[in-house]
Amino acid sequence: MKKTLAAVAVLGAFAGSAFAADVTMYGRVDAGLLYQRVDADVAHQAAENSWGLESGNMTGSRFGIKGSEQISDGLTVGFTLENGFKSDTGNFGTSGKLFDREARLYVATDYGELGVGRMGRILSDAGSYAQRGQFIIGSSWGGMTGGTEVITDATSSRLDNMVTYKSPEFAGVTVLAQYGMGSTEDADETDPTSWDQEENTATTDRYYGVAAVGKWGALTGMLGFEQTNYASSNGVESWDEDDSIGVEASVAYDFGFVKTALTGRYFKDGAGYNTISSGYQIERVDGYGVKLAAAAPLLGGTVQGVVGYMDAESSDTKVEDLEVSRYTVALTYEYPLSKRTKLYTAASYTKDDFKDNKADTKAEPTNTAFMFGMAHYF
């Protein structure tokens with residue numbers, strides 16, 4: 001109740017000031033039906049079928065406030081505050097966070113832009129500085145429906161205590177750099193394995209990322225690198241923890257009648273992957289993933305298709321010796337009823353070849369999904 005009243009008070013205050021400053025309120029509401037069939041490929045266990053109303057099948061439901069002020073020629077200060085929510089339940093997207101999608105303050109000059117706060121990683125499709133979204137079919141297309149994260153290691157789209165620099169464009173190229181200081185959190189008293197975390201120390205995960213993005217007419221390209229320095233101390237005891245790295249490259253070309261995009265990612269010591277079934281997990285993974293996507297106009301709307309492949313294995317075979325190869329295909333369609341409202345539908349199929357080399361066992365879990373819904377932008 002207190003969180004709800006606080007949210008109403010904050011929105012009310014900004015709504016009143018919106019008439020006196022360059023402040024905009026915006027948002028999206030997405031709701032639709034989602035059907036999924038998950039076959040874990042376990043003997044004497046039937047496949048699980050589920051369907052129901054879901055929020056954010058095509059695009060995450062959200063509301064936000066953004067504004068800016070030009071202090072002088074070549075100097076602008078601005079902010080973005082954005083909250084995710086579930087249109088099917090009304091709940092916050094993340095418990096305990098009011099602006100879980102983005103809480104950013106930035107300064108823009110002729111020498112570039114500097115932003116601080118909670119924001120999306122460069123190598124994601126979340127937020128003001130993310131670069132994946134321009135390469136066709138992002139993570140919002142529901143669970144296993146063809147986003148880049150389906151064929152890569154599992155990563156957090158957004159992080160707290162981030163600093164991002166975005167350079168001016170030079171010869172069509174923009175460079176972005178990020179540093180995430182980690183979280184400052186008290187230990188969970190109900191979890192004996194947790195500890196107090198303090199940003200910029202070995203008690204929390206710290207993040208580094210850099211990317212170069214080029215746009216030359218119909219051609220777009222990106223090359224990026226990121227690293228997560230995992231917590232290596234609980235404040236009392238220290239230990240060795242391998243840091244994860246990711247290298248990602250994308251290229252897209254707009255032929256006019258169709259836009260194509262190819263994305264590849266190499267990852268080492270990643271924090272697992274997005275599993276089809278909870279019975280087939282890998283704690284730390286090495287591997288790579290690629291996807292080829294295309295988008296084209298069709299009957300007044302846009303059709304998008306993607307095929308992807310991932311090959312991953314345990315990064316430490318002394319702990320576990322597991323392998324997984326993933327094949328995924330998806331097809332989506334969106335139709336604009338107006339400038340602000342879209343109808344959408346999508347279908348996908350994902351299959352894993354999973355091996356446990358120590359137990360000498362194999363499995364081929366599959367996920368089939370179909371969705372239909374509507375999204376309104378305001």
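Mind checking which pairs have a first residue in region 169-197 that is more than 20 Å from N229 (Cα to Cα) and a second that is among the aliphatic types (A, V, I, L, M), Cβ under 6 Å, 6 or more apart or different chains?
Pairs found: V173/A212; T174/V213; V175/A212.
Any idea which residue in region 298-333 is nearest to M58 (Cα to Cα), counting only those that are at pLDDT 95 or above and of a type in the set (D, E, K, R)?
The residue in question is R326.
Quick check on my filter: what residues within region 316-355 are over 21 Å from D269 (Cβ atoms), in a strand (DSSP E or B) and hydroxyl-bearing (S, T, Y)? Break it down stepwise before answering.
Going through region 316-355, the residues over 21 Å from D269 (Cβ atoms) turn out to be 327-351, 353.
Checking the rest, the ones that are also in a strand (DSSP E or B) come to 327-336, 341-351, 353.
Passing the criteria: Y327, T328, T332, Y333, Y335, T341, Y344, T345, S348, Y349, T350.
Just to verify a result, which residue in region 107-126, among those that are free of Cβ contacts under 8 Å to residues at least 40 places away in the same chain and of a type outside the set (A, V, I, L, M, F, W, C), is nearest to Q70 (Cα to Cα)?
Of everything passing the filter in region 107-126, T109 is nearest to Q70 (Cα to Cα).
Checking R104 against (1) surrounded by fewer than 17 Cβ atoms within 10 Å (Cβ to Cβ); (2) over 16 Å from the mean Cα position of the chain (by Cα), which single condition isn't satisfied?
The one condition R104 does not meet is (1).
If you scan region 297-347, which residues turn out to be surrounded by 21 or more Cβ atoms within 10 Å (Cβ to Cβ) and hydroxyl-bearing (S, T, Y)?
S314, T328, T332, Y344
Any residue in region 212-227 that is surrounded by fewer than 17 Cβ atoms within 10 Å (Cβ to Cβ) sitting within a Cβ distance under 6 Å of a residue that is among the charged types (D, E, K, R) and part of a strand (DSSP E or B)? List the pairs, counting only those 6 or more apart or interchain.
A218/D254
Surrounded by 20 or more Cβ atoms within 10 Å (Cβ to Cβ) and at pLDDT below 95: does that describe G287? So that I can check it myself, show each step before the final result.
Values: surrounded by 20 or more Cβ atoms within 10 Å (Cβ to Cβ): yes; at pLDDT below 95: no.
So G287 does not fit the description; no.
Exactly one of these conditions fails for S72: (1) touching a residue at least 12 places away in the same chain (Cβ under 8 Å); (2) over 19 Å from L159 (Cα atoms). Give me its number.
Single failed check for S72: (1).
The values are calculated or read from the model by the stated rules, or taken from the named source; none is laboratory data. Everything numeric here is computed off the predicted structure, so don't read it as measured data. Using ideal geometry, Cβ is built from the backbone for each residue, glycine included, and neighbour counts are taken over all protein chains shown.
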